[in-house]
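S.K.: Below: one structure in structure tokens.
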Amino acid sequence: MPSNRTRSVSDTRAYRAVFEAHPQPILIWDRASFAILDANAAAVKQYGYRRDQLKAMTIMDIRPPAEVPRMKRLLSGRKARIKEGVFLHRKKNGACFEAAVNTHWLTYLGRRAALAIIRDVTVHNKTKRALHDSEQRLRSLVDAVKDYAIFTLDPNGVVTSWNEGARRLKGYRDTEIIGRHFSVFYTPADLGRGLPGKLLRRALAQGRVEDRGWRVRKDGTRFHADVVISPIKDEAGRLRGFAKVTRDMTQGDHAAEAVTLSRGIVRAEEAERRRVARELHDGVNQLLAVAKFRFQDAEERLLASQPAHATIIEARGILESAIQEVRRISHNLRPLVLDELGLKAALRGACTAFRRSSGLSVRLDAARLPVTLPEEVELTLYRIVQEALTNAARHAEARRVSVVALRRGNGIQLTVRDDGKGFTPGDEGSGLNNIRERAHFLGGRCDFQSRRGHGTAVRVTLPAPR
């Protein structure tokens, strides 16, 4: 009798349909000789060999030559038990890919064998490495800044990260300050009036807050600080914490330098967003699309009465949802159409997508926009339109929105007007404050015209030299 660690599969006819229709490559191989005993259709397609060619090979033949000695050592011996792992596999054309292999031990036609389910994770791992590298580069950028204290807080104001500039300015090592509340930097007078909490609440409500005042170092000495606090949110809009940038202004006004640094960080962030969005769009999404078509092909080959048919339909539906989710994340990170076709096409796409998702009537007039504009101006205009449309749907309860963008003199004027409920001047929410901050960041102007019951007009003017 087979041991409780194996399962007898001497008659494979009942499993053949599922084996063949499985979307992932499957190989069955002899544990003594490493000979490939069987392969499904997905394996034939993945490796590029005919089934009879695969069955004349060993599992060592589908690995790069340099990997073969290590694999033989891992698989030799009666107690060898490699359940899962990631290995390099080689196709017929010589191309290698990263294979996540899940192995199940069994008895196959009276032979001690292994069933290996294989998943190509090359693109997935490439994306993970790219994201990790991106985080490391951004971390290195922040750590390289010595004249600014740059650190993060959790939603309650507890310090969660600490750069070299913060150590130099405030005197705390990271091991001394991470885990403590940032109120330790404030004077007793500011603590008495609750300034730390007020600044966090204002940053959350307005999207960003600036403050100048006296701060306290570890040794008790004071310095005059220029502080910027910004909320950090996830894609769902949930608060993750705050980013805080502090500059010692005791020896003079360094506001212009702060703006330059902020622009550099924003540029670096947008560059990383663009790169990761393209990785998702051109890599992960293409792989998902191929998998979807393979599921569809399998679905058409199977009879509706076969047990695997419903499972394949369900799996294809999940893949379609995954494709849409990757597209959404990619677009939120960086609209690729903005880089490929320019601002006009990106605005048309944004208005069309908003019209479909919200049901509002949206009219766009961008015919008088220049064909090309500085990258910062294009990106700022696009983000402002996104924010204004979201406000019109979420807060204004509007039915119709118009977006007009044109050149005026040496600048670009953008007007977004809705027929919503309006607001009383002074009651602007965080969305409108974000728009104002984006405009001021590029040296532009932003005006809001609104009153209760008569809609809202957002007018932004940005400098854009010819």
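The values are calculated or read from the model by the stated rules, or taken from the named source; none is laboratory data. Predicted model only: the values in this text are computed from it and were never measured. No Cβ is skipped: glycine too gets one built from the backbone with ideal geometry, and neighbour counts run over all protein chains shown. Only protein heavy atoms, including side chains, enter the accessible area calculation; ligands, DNA and RNA are left aside. Shrake-Rupley method; radii C 1.70, N 1.55, O 1.52, S 1.80 Å.
S.K.: All other residues with a Cβ under 13 Å from the Cβ of Gly179 taken together, and with Lys, Arg as +1 and Asp, Glu as -1, what is their net charge?
M.R.: Around Gly179, the surrounding residues sum to -1.
S.K.: May I pose another question? Counting Lys and Arg as +1 and Asp and Glu as -1, each charge on the Cβ, what is the dipole of region 389-429 about the Cα centre in debye, to the nearest 20?
M.R.: Around 240 debye, computed over region 389-429.
S.K.: Count charges around Thr221 for me, please; just the other residues with Cβ under 13 Å from its Cβ, Lys/Arg as +1, Asp/Glu as -1.
M.R.: +3
S.K.: In addition: Among the listed pairs Lys218/Lys244; Lys55/Lys126; Lys170/Lys233; Lys128/Lys344; Lys45/Lys83; Lys126/Lys244, give every one whose C-alpha distance is greater than 22 Å.
M.R.: Lys55/Lys126; Lys170/Lys233; Lys128/Lys344; Lys45/Lys83; Lys126/Lys244
S.K.: So what does Glu98 come to for accessible area, using a 1.4 Å probe and Å² rounded to 10?
M.R.: 40 Å²
S.K.: Based on C-alpha coordinates, I'd like the Rg and Dmax of region 380-466, in Å.
M.R.: 12.4, 39
S.K.: Evaluate the relative contact order of region 397-466 (contact order divided by residue number), counting alpha-carbon pairs under 8 angstrom at least 6 apart; express in whole percent.
M.R.: 38 percent
S.K.: Please report the accessible area of Asp248 (heavy atoms, 1.4 Å probe, ligands and nucleic acids excluded) in Å², nearest 10.
M.R.: 40 Å²
S.K.: Right, another one. Could you give each residue of region 162-176 its phi-based ³J(HN,Hα) in whole Hz, using Karplus coefficients 6.51, -1.76, 1.60 with θ = phi - 60°, and x for Gly or Pro?
M.R.: These are the phi-based 3J(HN,Hα) values: 7, 9, 5, x, 5, 4, 5, 6, 9, x, 8, 6, 4, 5, 8 Hz.
S.K.: Would you kindly find the accessible area of Ser357, with a 1.4 Å probe and non-protein molecules such as ligands, DNA and RNA excluded, rounding to the nearest 10 Å²?
M.R.: Roll a 1.4 Å probe over it and Ser357 shows about 100 Å².
S.K.: Keeping the other protein chains in place, figure out the carbon and sulfur percent of the accessible area of region 28-70, with a 1.4 Å probe.
M.R.: Carbon and sulfur: 57 percent of the exposed surface of region 28-70.
S.K.: Given H placed 1.01 Å from N in the peptide plane, which residues other than close sequence neighbours of Thr58 have an amide H under 5 Å from its amide H?
M.R.: Ile36
S.K.: Note down the net charge around Gly241, summing +1 for each Lys or Arg and -1 for each Asp or Glu among other residues with Cβ under 12 Å from its Cβ.
M.R.: Once positives and negatives cancel, what remains is +2.
S.K.: How large is the accessible surface per residue of region 409-460, computed with a 1.4 Å probe and reported in Å² as a whole number?
M.R.: 49 Å²
S.K.: Shifting gears a bit: Can you list residues from other chains, or at least 5 along the same chain, whose modelled amide H is less than 5 Å from the amide H of Gly241?
M.R.: Sorted by chain and number, the residues that satisfy this are Ile232.
S.K.: Taking all protein chains together and a probe of 1.4 Å, list Arg31, Arg436 from the most accessible to the least accessible.
M.R.: Arg436, Arg31
S.K.: Taking all pairs of distinct Cα atoms, average 1/r, flip it, and tell me the Kirkwood hydrodynamic radius of region 143-226 in Å to one decimal place.
M.R.: Evaluated on region 143-226, it is 13.3 Å.
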